[in-house]
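The values are calculated or read from the model by the stated rules, or taken from the named source; none is laboratory data. Model, not experiment: these values are computed from the prediction. As a convention, Cβ positions derive from the backbone with ideal geometry for all residues, glycine included, and neighbour counts pool all protein chains shown.
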Amino acid sequence: MKTLTRVLGTAAATAALALIAPTADATPVRSDGESTVQYATMLVQSGAAARNAPYLNNTFLGWVTADPGSNHQVSWVDCWKDGDWATGNYSSNRWFKAYVTHTGGATQWAFVHSSYVTNQSAVRGC
């Protein structure tokens, strides 16, 4: 899917991300007898810390990388959770569980601070 993001650009990649998604906690949606999982999308600013939990101590996985030609990454978002207070672009204790690529060498579900998220659709609490 990352290849689609790089080839299609932000607008087309956002649409493509809504079609196929990796397994997480989202509710399955039935379409023509097939079960698929759909996630909302959002933009995550490059340089945001990707964490395995919405807390600051011992949770760091890597820094979110940018899609080519931009300062953000188009990502799926599963849910939000309140955790530790942190200050990025603003102070908040809200974190989003997003499917991101980071400098730790992986593409995975991770928590990112809300201040680094834009164009985010409404999602459920984790």
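Screening residue 122 on (1) surrounded by 14 or more Cβ atoms within 10 Å (Cβ to Cβ); (2) of a type in the set (A, V, I, L, M); (3) assigned to a loop (DSSP other than H, G, I, E, B) shows it passes everything except condition (1). Scan segment 41-59 and give yes if some residue there is assigned to a loop (DSSP other than H, G, I, E, B), surrounded by 19 or more Cβ atoms within 10 Å (Cβ to Cβ), of a type outside the set (Ser, Thr, Tyr) and modelled with pLDDT of 50 or more, otherwise no. Yes, the conditions are met somewhere in segment 41-59. Scoring residue 67 on the criteria (1) at pLDDT 95 or above; (2) in a loop (DSSP other than H, G, I, E, B); (3) more than 19 Å from residue 125 (Cα to Cα); (4) out of contact with any Phe, Trp or Tyr (no Cβ under 6 Å at 6 or more places or on another chain) leaves a single failure, condition (1). Exactly one residue out of 3, 14 is modelled with pLDDT under 75, under 16 Å from residue 108 (Cα atoms) and in a helix (DSSP H, G or I): that is 3. For segment 83-106, a residue qualifies if it is buried (at least 19 other Cβ atoms within 10 Å of the Cβ) and under 16 Å from the mean Cα position of the chain (by Cα), and the qualifying residues are 95, 96, 97, 98, 99, 100, 101, 102. Residues to consider are 80, 109, 85; find the one that is among the hydrophobic types (A, V, I, L, M, F, W, C), without any contact (Cβ under 8 Å) to a residue 24 or more places away in the chain and not in a loop (DSSP other than H, G, I, E, B). Only one candidate qualifies: 85. Taken over segment 63-82, residues that are over 12 Å from residue 45 (Cβ atoms) and surrounded by fewer than 18 Cβ atoms within 10 Å (Cβ to Cβ) amount to 4.
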